[in-house]
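Trainee: Before anything else, here's the structure in question.
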Amino acid sequence: MNTQTNDAVVRVEELTRTYATGGQSVTALAAVNATFWRGTFTAVMGPSGSGKSTLLQAAAGLDRPTSGHVWIGDEELSQLSETKLTKLRRTRIGFIFQAFNLIGALTVEENILLPLRLSGIRPDRAWIAEVIDRVGLGDRLGHRPAALSGGQQQRVAIARALATRPEVIFCDEPTGALDTQTAADVLTLLRSVVDDQGQTVVMVTHDPVAASYADRVVVLADGRIRQDMAQPGAERIAEQLAALGRRSHVAQGA
Ligand SMILES: Nc1ncnc2c1ncn2[C@@H]1O[C@H](COP(=O)(O)OP(=O)(O)O)[C@@H](O)[C@H]1O
Ligand SMILES: [Mg+2]
């Protein structure tokens with residue numbers, strides 16, 4: 001981890017999210033505390049339903065938590081109006097989804113520039129050229145997403161997330177729909193964005209190999225952080241996940 005530039009980019013405090021479904025209340029996040037530092041790459045892991053997506057959505061201001069706080073830099077999200085929150089999300093946060101979520105009617109270039117257009121910001125042409133070069137899409141700019149492979153589409157989504165130079169990029173299973181080699185390319189790209197640009201990346205994954213690209217692995221279970229490991233390596237990650245699985249089976253009496 002880079003300790004020279006260890007300022008907090010994202011901080012969540014006592015973050016709780018409950019969902020009411022059919023008279024029952026499900027606690028997706030139970031008073032989670034976490035800080036994500038500038039220039040670091042964190043993997044968020046844990047069993048299905050452990051609250052990983054809920055944590056990312058709340059931290060990215062896509063979902064309002066039931067209680068607790070989220071800071072992006074000095075801004076506390078619950079204090080912001082919907083309009084200000086939307087602006088902050090578009091300019092200071094990037095989000096990458098498993099399903100790419102590109103706009104099919106727009107070209108690659110238009111997709112990449114969309115967050116800037118939506119927030120009325122004039123594109124920094126030199127930066128956009130650098131981003132396009134970095135993701136290796138220079139010869140695909142006029143194509144529609146449907147004409148690209150999955151890996152290329154995810155690289156468009158990464159370029160789109162980088163276009164505004166956000167402080168943090170959240171990724172929810174960004175390699176979940178990709179084959180092993182393409183996933184490795186995308187992970188190498190995310191890694192280089194952290195190492196070369198000092199970006200902050202927070203990535204949900206269930207793949208220990210994907211998580212081993214990160215500096216830190218946070219493991220959730222039942223809406224709580226159960227493990228927080230520095231550069232654990234794929235083997236130790238897999239061991240910890242297996243141990244967690246055994247414990248929760250015991251807890252459930254299975
Ligand atoms: N929109 C929703 N309505 C009701 N329950 C939800 C909703 N979204 C998530 N949950 C529940 O919250 C818990 C955590 O979900 P999620 O954050 O999606 O987990 P993960 O991403 O780790 O698989 C699960 O029990 C899930 O069923
Ligand atoms: Mg999820």
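The values are calculated or read from the model by the stated rules, or taken from the named source; none is laboratory data. Since the model is a prediction, treat every value here as computed from it, not as a measurement. Cβ: placed from backbone, ideal geometry, glycine included. Neighbour counts: every protein chain shown. Accessible surface is based on the protein model in full, side chains and every heavy atom, while ligands, DNA and RNA are left aside. Shrake-Rupley method; radii C 1.70, N 1.55, O 1.52, S 1.80 Å.
Results for (1) away from ligand 1 (no atom under 16 Å from the Cβ); (2) closer than 27 Å to T86 by Cα; (3) in a helix (DSSP H, G or I); (4) not charged (D, E, K, R), shown as yes or no for each residue.
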{"site": "T164", "(1), (2), (3), (4)": "yes, yes, no, yes"}
{"site": "C171", "(1), (2), (3), (4)": "no, yes, no, yes"}
{"site": "T188", "(1), (2), (3), (4)": "yes, no, yes, yes"}
{"site": "A210", "(1), (2), (3), (4)": "no, no, yes, yes"}
{"site": "Q227", "(1), (2), (3), (4)": "no, no, no, yes"}
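Trainee: Any idea which residue in region 52-87 is farthest from ligand 1 (Cβ to nearest atom), counting only those that are among the aliphatic types (A, V, I, L, M) and more than 16 Å from the chain's Cα centre (by Cα)?
Mentor: Of the residues in region 52-87, the ones among the aliphatic types (A, V, I, L, M) are 55-56, 58-60, 62, 70, 72, 77, 80, 85.
With the extra rule that they be more than 16 Å from the chain's Cα centre (by Cα), the set shrinks to 77, 80, 85.
Values: L77: 18, L80: 22, L85: 19 Å.
The selected residue is L80.
Conditions (1) closer than 25 Å to L62 by Cα; (2) open to solvent by 60 Å² or more (accessible area, probe 1.4 Å), marked per residue:
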site: R125; (1), (2): no, yes
site: E130; (1), (2): no, yes
site: A184; (1), (2): no, no
site: V193; (1), (2): yes, no
site: T200; (1), (2): yes, no
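Trainee: Of the residues in region 32-59, how many are away from ligand 2 (no atom under 12 Å from the Cβ), open to solvent by less than 40 Å² (accessible area, probe 1.4 Å) and among the hydrophobic types (A, V, I, L, M, F, W, C)?
Mentor: So the answer is 7.
Trainee: Here's something else I'd like to know. Considering every residue within region 60-77, establish whether at least one is over 25 Å from Y19 (Cα atoms), in contact with a Pro (Cβ under 6 Å, 6 or more places away or on another chain) and open to solvent by 30 Å² or more (accessible area, probe 1.4 Å).
Mentor: no
Trainee: When you look at S67, is it farther than 21 Å from L190 by Cβ and in contact with a strand residue (DSSP E or B) (Cβ under 7 Å, 6 or more places away or on another chain), yes or no? Full working, then the answer.
Mentor: On the way: farther than 21 Å from L190 by Cβ: yes; in contact with a strand residue (DSSP E or B) (Cβ under 7 Å, 6 or more places away or on another chain): yes.
The answer is yes for S67.
Trainee: Which one is nearest to ligand 1 (Cβ to nearest atom), of the residues in region 9-31 that are surrounded by fewer than 20 Cβ atoms within 10 Å (Cβ to Cβ) and closer than 24 Å to G94 by Cα? Spell out how you get there, then give the answer.
Mentor: We begin by selecting, within region 9-31, every residue surrounded by fewer than 20 Cβ atoms within 10 Å (Cβ to Cβ); these are 11, 13-14, 16, 18-27, 30-31.
Next, from what is left, pick out any that are closer than 24 Å to G94 by Cα: 11, 13-14, 16.
Working: R11: 19, E13: 18, E14: 17, T16: 12 Å.
Here the answer is T16.
Trainee: Cβ-Cβ distance below 6 Å, separation of 6 or more or different chains: which pairs start in region 12-31 with a residue that is farther than 15 Å from G51 by Cβ and end on one that is open to solvent by 40 Å² or more (accessible area, probe 1.4 Å) and in a strand (DSSP E or B)?
Mentor: E13/N33; E13/H69
Trainee: Same structure again: Restricting attention to region 146-157, and to residues there that are over 21 Å from the mean Cα position of the chain (by Cα) and not polar (S, T, N, Q), which single residue is surrounded by the fewest Cβ atoms within 10 Å (Cβ to Cβ)?
Mentor: Initial filter on region 146-157 (over 21 Å from the mean Cα position of the chain (by Cα)): 146-149.
Keeping just the survivors that are not polar (S, T, N, Q) gives 146-148.
Numbers: A146: 9, A147: 12, L148: 18.
Step by step, filter region 146-157, then rank; the result is A146.
Trainee: Being touching a Ser or Thr at 6+ places or on another chain (Cβ under 7 Å), at pLDDT 95 or above and of a type in the set (K, R) is true for just one of R224, R216. Which residue is that?
Mentor: R216
Table: residues versus (1) touching a Cys at 6+ places or on another chain (Cβ under 6 Å); (2) at positive phi; (3) at pLDDT below 95.
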site	(1), (2), (3)
Q98	no, no, yes
G104	no, no, no
N111	no, no, no
A126	no, no, yes
E130	no, no, yes
G136	no, yes, yes
G142	no, no, no
